[in-house]
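One structure is given here, and the rest of the page talks about it.
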Amino acid sequence: MLIRTASRRIFIILFGLISFITMTFLYLGYVHHQFVLETIVDEERHVASSIYKNTFLQIAEKYEIIAQNILADQQIIDAFERGDRAELLALTAPIYKKLLEENPFLTIMHFHTKKTKSFLRLHKPQKFADDLSSIRHMINKVNTLKTKQIGLEVGRYGIDYRLALPVFNKAGKHLGAFEFGISINYIFDLFSQEYNFTPLLLLKKESFKEIFEKNIGMETK
């Protein structure tokens, strides 16, 4: 009887010990799995962030160089300063046409006055002199701070990645702003071609509601 009781106690102890060891290994395995999973997610997030930043940086650098070359042409600056739209259009339309042939996603090439009024839309030259100060916050910043601005900005029918530079004459007088806008679809296309994945852009409704409501029935800004 004593032997049977002792054997039962040993069995219970061994069973408990084995159970404890098993649970410990299962827990350690779970912790290791979670650690590996979090590491992979962090690495993927870092890679995705790098791809995102580098892609936008490369686009901005490319079009900033182009913009600076355009603004280095004294004839263009003089025409803008004189308010000669016909001359400015004649000088810049061939440039815009060539850039558009190279990249059909280039939706905007735009000269703005220092009061954020449209002076010349190369993408829509017949539409000008409209006050954009209430909706084009990036251009407002360029004209206020007199520094370049880069970023995504919502328009009437979509989203563009925009680069805007201040324009000065040879004496350093501020004349207004010059802007390039590239359709967000260009970014999506680059992601798809270069990295073989389909990007998804999520926006809060509030981020474009105001602009949408103000421009119902109007043409694209």
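What the table below lists for this structure:
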{"item": "Neighbourhood charge, 12 Å Cβ-Cβ cut-off, centred on Met109 and excluding it, Lys, Arg +1 and Asp, Glu -1", "result": "+3"}
{"item": "Restricting region 93-133 to trypsin sites (Lys or Arg not before Pro) in coil, as DSSP defines it, with at most 14 other Cβ within 10 Å", "result": "Lys115, Lys127"}
{"item": "Cβ-defined net charge surrounding His174, 12 Å radius [Lys, Arg +1; Asp, Glu -1]", "result": "+3"}
{"item": "Residue exposure sequence - His110, His123 - by fewest surrounding Cβ within 10 Å", "result": "His123, His110"}
{"item": "Cβ-based exposure ranking for Ser118, Ser134, in which fewest neighbours within 10 Å come first", "result": "Ser134, Ser118"}
{"item": "Of Lys117/Lys173; Lys124/Lys146; Lys114/Lys148; Lys62/Lys98; Lys115/Lys173; Lys53/Lys98, pairs whose Cα-Cα distance is over 23 Å", "result": "Lys124/Lys146; Lys53/Lys98"}
{"item": "Cα gyration tensor shape of region 71-185, rounded if a/c is under 1.5, else prolate or oblate by comparing a/b with b/c", "result": "oblate"}
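Each reported figure results from applying straightforward, stated rules to the coordinates on display, with no laboratory input. Values in this document were obtained by computation on a predicted structure and should not be read as measured data. Note that we place each Cβ from the backbone using ideal geometry, even for glycine, and neighbour counts take in every protein chain shown.
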